[in-house]
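Chemist: So that we are looking at the same thing, I have put the structure below in C-alpha cells.
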Amino acid sequence: MTEWIGDVFTSDTGWNHLETLVDIGDRMAGSDGERRAAEATRDALAGVGARNPRLEEFDIQGWTRGSATIGGGDRSRETIALPRSPAGEVAGEFVDLGYGLPSDFEETDIEGKVVMVASNVPGHYDRFIHRREKYYYAVDGGAAAFVFRNHVEGCLPPTGSVGTEDSPIGEIPALGVSKEVGSRLSRRREGEMVEVSVAADVHDATSQNVHADLGPDTDEAVLVTSHVDAHDIAEGAMDNGAGTAVVVEVAKALADRETELDTRVHVVVYGAEEVGLVGSAHDADERDHDSIKAVVNNDGVVRGRTLSAHTHGFDALDDLVTGVADEFDHPVTTIPDQGPHSDHWPYVQWGVPGYHLMSETGDEGRGWGHTFADTLDKLEVRNLREQSILLTELCVRLADDEFVVEHEDPETIAAALEAEDQAAGMKVIGDWPYDG
C-alpha cells in the first residue's frame, strides 16, 4: 500500500507545527518559550494519534544573555556572548589564531591574551573541530577571553554554548563576532590591548523532554528524536524546529501504519540540546540501553533536499538507509564516522546503534545556523515532506522483527574515535566518557 506516501506529501501537519515553533520566539533552554514549544509539541503528538504524550521535567543551569562588547581604545564592536559564558570584564593583547587548529594553539603563547578563531576549518583538514574544542584549547592555554569569528559573510555573529557537564558555566568570557567584524579586528587590533565585557544572568532553571509512543507496547523501542530548544537570537527554524516538525509528521504517518510496527516507536523531543545535550543525557541516564533497538535523531534535516546520515560504524544501519533511498530513488549520503555533537550521542557513545540525520546544504559548516539568519524563509515544505516519507519508511523497517542490528562494546566506539582523531579534542572539552 502506498496511499500513506500521498498522505504525507500533501500533509501540512509538520509544516504547521514548524510555524508554531518559530512564532513562539525565544526557545532558549530553560526559558518560558522553550516550555511553550515543548507543550505545543506534546499537543501536536497527541493530535496525530501518539499514545501518552507527556512532559518530563529536569533541572538545568540557566543562562540569560546580557550585553557583550569588545573594544578598548576603539569603538565598540557588534558582538554577542556565547551561551554559558561567564559574566565579567577582562583585557588582553589581541591575537588572531586563524582557524584555531590544535597546532595553532600549540605554536602560540596565548597566556593572558584575547584569542580569536574562525568557525570553520581549512578544506584540506581531515576533521571538523567543534567550537567548544577550540574554546577549551584557549582555556588550557591561559587565554583571558575567547572570540569566535563566523566564516559566513553577512554581518552575522555566531552563537553556540561553552561549558561542560561538570562545569556548565565556562571559565573565560566568550564572544561571537561576524566575519566582517573579525576581519576588522584582525587588521586593526592584532597585538594591541583590547577590553572584553560580557553581562549574563546565571540562575537555576528547568527544562523538559517530550515523550510519546506509537505501535505495540514492547519493552524494546526505536527512539525517534529531535530537540525543541533553540538559540535565543533567531527563530531556530533550521536548528531545530525543522527536526521537531519532521518528528511530528513521521509520528502522524506511523500512527496510520501502526499495524506494520513490530516494535514500539518511542518519540523523544529533547530540551536543552544547545547547552550541552542536557536533555538527551538526562534521558540516556534514565533509560536501559539494552532496550533501545536504534536511535533516529533528526537534527539538521530539511535545510537541503538530500538527506545525510551519520551511521557511526553500524553497517546494518548504513545498508538499511541506503536501501530505503534506493527504493525511493531519492539520494541519501551516509557517513560511517562517529558524530559526537547531537542528541544521539549520549546513547551511541555506549554502543547503542544510532543515526544522526541531517541534510546537505552545499555550505561549509552550519551556514545560516546559530545566527540571526536561522529563519523559516530558508526552508521548503517540499523537503520536509519528502524527508518525512523516507524517514517514516526507515522507522517502519527498523521496527521490523526481521531487522537486526547489534549493539557495540563502548571500547569499539572509543577506538573509532581514536582512529578518527576525535578523541584528543573530546578529552580537552571534558566530553570523553571512557577510562584512559
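Chemist: Name the residue that is farthest from the chain's Cα centre (by Cα), counting only residues in the stretch 156-167 that are open to solvent by 40 Å² or more (accessible area, probe 1.4 Å) and of a type outside the set (Gly, Ala, Ser). Steps first, answer last, please.
Modeler: Let us first name the residues in the stretch 156-167 that are open to solvent by 40 Å² or more (accessible area, probe 1.4 Å), namely 165-167.
Next, from what is left, pick out any that are of a type outside the set (Gly, Ala, Ser): 165-166.
Numbers: 165: 16, 166: 19 Å.
The residue in question is 166.
Chemist: For the structure I just gave you, tell me whether residue 93 is surrounded by fewer than 20 Cβ atoms within 10 Å (Cβ to Cβ), touching a residue at least 12 places away in the same chain (Cβ under 8 Å) and assigned to a strand (DSSP E or B). Lay out the reasoning, then the answer.
Modeler: On the way: surrounded by fewer than 20 Cβ atoms within 10 Å (Cβ to Cβ): yes; touching a residue at least 12 places away in the same chain (Cβ under 8 Å): yes; assigned to a strand (DSSP E or B): yes.
Yes, satisfied.
Chemist: Could you look through the stretch 382-419, keep only residues that are touching a Gly at 6+ places or on another chain (Cβ under 9 Å) and under 18 Å from residue 267 (Cβ atoms), and pick out the one that is most open to solvent (accessible area, probe 1.4 Å)?
Modeler: Only one residue tops the list, namely 397.
Chemist: Out of 195, 153, 180, 111, I need the residue that is assigned to a strand (DSSP E or B) and surrounded by fewer than 22 Cβ atoms within 10 Å (Cβ to Cβ). Which one?
Modeler: 195
Chemist: In the stretch 96-107, which residue that is in contact with a strand residue (DSSP E or B) (Cβ under 7 Å, 6 or more places away or on another chain) and without any contact (Cβ under 8 Å) to a residue 24 or more places away in the chain is surrounded by the fewest Cβ atoms within 10 Å (Cβ to Cβ)? Even if it seems obvious, please write down each step before you answer.
Modeler: Going residue by residue through the stretch 96-107, those that are in contact with a strand residue (DSSP E or B) (Cβ under 7 Å, 6 or more places away or on another chain) are 96-100.
From the residues that got through so far, the ones that are without any contact (Cβ under 8 Å) to a residue 24 or more places away in the chain too are 97-98.
Numbers: 97: 22, 98: 13.
Applying the filter and picking the extreme gives 98.
Chemist: Which of the residues belonging to the stretch 20-33 are open to solvent by 40 Å² or more (accessible area, probe 1.4 Å), over 26 Å from residue 213 (Cβ atoms) and assigned to a helix (DSSP H, G or I)? Reasoning before the result, please.
Modeler: From the stretch 20-33, those open to solvent by 40 Å² or more (accessible area, probe 1.4 Å) are 20, 23, 26, 32; that's our starting set.
Imposing the further condition that a residue be over 26 Å from residue 213 (Cβ atoms) reduces the set to 23, 26, 32.
The answer is 23, 32.
Chemist: Here is a list: 54, 65, 36. Which entry is under 30 Å from residue 194 (Cα atoms), among the basic types (Lys, Arg) and open to solvent by 10 Å² or more (accessible area, probe 1.4 Å)?
Modeler: On the way: 54 fails: under 30 Å from residue 194 (Cα atoms); 36 fails: under 30 Å from residue 194 (Cα atoms).
When all the criteria are applied, what remains is 65.
Chemist: Given the criteria open to solvent by 10 Å² or more (accessible area, probe 1.4 Å), of a type in the set (Gly, Ala, Ser) and on the phi < 0 side of the Ramachandran plot, does residue 230 qualify?
Modeler: Numbers: open to solvent by 10 Å² or more (accessible area, probe 1.4 Å): no; of a type in the set (Gly, Ala, Ser): yes; on the phi < 0 side of the Ramachandran plot: yes.
When the stated conditions are applied, residue 230 does not pass them.
Chemist: Within the stretch 326-380, how many residues are more than 17 Å from the chain's Cα centre (by Cα) and open to solvent by 10 Å² or more (accessible area, probe 1.4 Å)? Full working, then the answer.
Modeler: Within the stretch 326-380, the subset more than 17 Å from the chain's Cα centre (by Cα) is 326-334, 336, 350-353, 362, 376-380.
Retained after the next criterion (residues that are open to solvent by 10 Å² or more (accessible area, probe 1.4 Å)): 326-334, 336, 350, 362, 376-380.
Within the stretch 326-380, residues that are more than 17 Å from the chain's Cα centre (by Cα) and open to solvent by 10 Å² or more (accessible area, probe 1.4 Å) number 17.
Chemist: Tell me, please, whether a residue that is outside any loop (DSSP other than H, G, I, E, B), acidic (Asp, Glu), open to solvent by less than 40 Å² (accessible area, probe 1.4 Å) and within 24 Å of residue 412 (Cβ to Cβ) can be found in the stretch 275-284.
Modeler: Residues of the stretch 275-284 outside any loop (DSSP other than H, G, I, E, B): 278-284.
Those left that are additionally acidic (Asp, Glu): 283.
Keeping just the survivors that are open to solvent by less than 40 Å² (accessible area, probe 1.4 Å) gives 283.
Next, only the ones that are within 24 Å of residue 412 (Cβ to Cβ) stay: 283.
For the stretch 275-284, residues outside any loop (DSSP other than H, G, I, E, B), acidic (Asp, Glu), open to solvent by less than 40 Å² (accessible area, probe 1.4 Å) and within 24 Å of residue 412 (Cβ to Cβ): present.
Chemist: Now a separate question. Hey, can you tell me all the residues within the stretch 423-433 that are of a type outside the set (Val, Ile, Thr) and open to solvent by less than 30 Å² (accessible area, probe 1.4 Å)? Can you show your working first?
Modeler: Looking only at the stretch 423-433, we keep the residues that are of a type outside the set (Val, Ile, Thr), and these are 423-427, 430-433.
Residues satisfying the conditions are 423, 425, 426.
Chemist: Please go through the stretch 254-269 and pick out each residue that is open to solvent by less than 20 Å² (accessible area, probe 1.4 Å) and more than 25 Å from the chain's Cα centre (by Cα). Don't jump to the end; show me each part of the working.
Modeler: At the first step, the residues of the stretch 254-269 found to be open to solvent by less than 20 Å² (accessible area, probe 1.4 Å) are 254, 257, 261, 263, 265-269.
Scanning the stretch 254-269 gives 257, 261, 263.
Chemist: Considering only the stretch 396-412, I want to know if a residue exists there that is touching a residue at least 24 places away in the same chain (Cβ under 8 Å), of a type in the set (Lys, Arg) and farther than 26 Å from residue 221 by Cα.
Modeler: no
Chemist: Next question. Within the stretch 358-366, is there a residue that is on the phi < 0 side of the Ramachandran plot, out of contact with any helix residue (DSSP H, G or I) (no Cβ under 8 Å at 6 or more places or on another chain) and modelled with pLDDT of 95 or more?
Modeler: Step one: filter the stretch 358-366 for residues on the phi < 0 side of the Ramachandran plot, giving 358-361, 363-364, 366.
With the extra rule that they be out of contact with any helix residue (DSSP H, G or I) (no Cβ under 8 Å at 6 or more places or on another chain), the set shrinks to 358, 360-361, 363-364.
Restricting the remaining residues to those that are modelled with pLDDT of 95 or more gives 358.
Checked the stretch 358-366: at least one residue is on the phi < 0 side of the Ramachandran plot, out of contact with any helix residue (DSSP H, G or I) (no Cβ under 8 Å at 6 or more places or on another chain) and modelled with pLDDT of 95 or more.
Chemist: Sticking with this one: Determine whether the stretch 128-139 contains at least one residue that is over 30 Å from residue 358 (Cα atoms) and surrounded by 23 or more Cβ atoms within 10 Å (Cβ to Cβ).
Modeler: Let us first name the residues in the stretch 128-139 that are over 30 Å from residue 358 (Cα atoms), namely 139.
Subsequent filtering for residues that are surrounded by 23 or more Cβ atoms within 10 Å (Cβ to Cβ) retains none.
Looking through the stretch 128-139, none of the residues is over 30 Å from residue 358 (Cα atoms) and surrounded by 23 or more Cβ atoms within 10 Å (Cβ to Cβ).
Chemist: Could I ask something else about it? Is one or more of the residues making up the stretch 190-200 in contact (Cβ under 8 Å) with a residue 60 or more places away in the chain, more than 30 Å from residue 113 (Cβ to Cβ) and out of contact with any Asp or Glu (no Cβ under 6 Å at 6 or more places or on another chain)?
Modeler: Step one: list which residues in the stretch 190-200 are in contact (Cβ under 8 Å) with a residue 60 or more places away in the chain, which gives 190-200.
Restricting the remaining residues to those that are more than 30 Å from residue 113 (Cβ to Cβ) gives none.
For the stretch 190-200, residues in contact (Cβ under 8 Å) with a residue 60 or more places away in the chain, more than 30 Å from residue 113 (Cβ to Cβ) and out of contact with any Asp or Glu (no Cβ under 6 Å at 6 or more places or on another chain): absent.
Chemist: Tell me which residues, restricted to the stretch 1-18, are more than 15 Å from residue 48 (Cβ to Cβ) and either surrounded by 14 or more Cβ atoms within 10 Å (Cβ to Cβ) or among the basic types (Lys, Arg) (or both).
Modeler: 5
Chemist: Do we have residue 348 as of a type in the set (A, V, I, L, M, F, W, C) and either under 23 Å from residue 245 (Cα atoms) or at pLDDT below 95 (or both) here?
Modeler: Details: of a type in the set (A, V, I, L, M, F, W, C): yes; either under 23 Å from residue 245 (Cα atoms) or at pLDDT below 95 (or both): no.
It is false that residue 348 is of a type in the set (A, V, I, L, M, F, W, C) and either under 23 Å from residue 245 (Cα atoms) or at pLDDT below 95 (or both).
The values are calculated or read from the model by the stated rules, or taken from the named source; none is laboratory data. Every value quoted in this text rests on a predicted model; they were computed, and no experiment measured them. Neighbour counts run over all protein chains shown; Cβ positions are idealised from the backbone, glycine included. Surface areas here come from the heavy atoms of the whole protein model, side chains and all, with no ligands, DNA or RNA. Shrake-Rupley method; radii C 1.70, N 1.55, O 1.52, S 1.80 Å.
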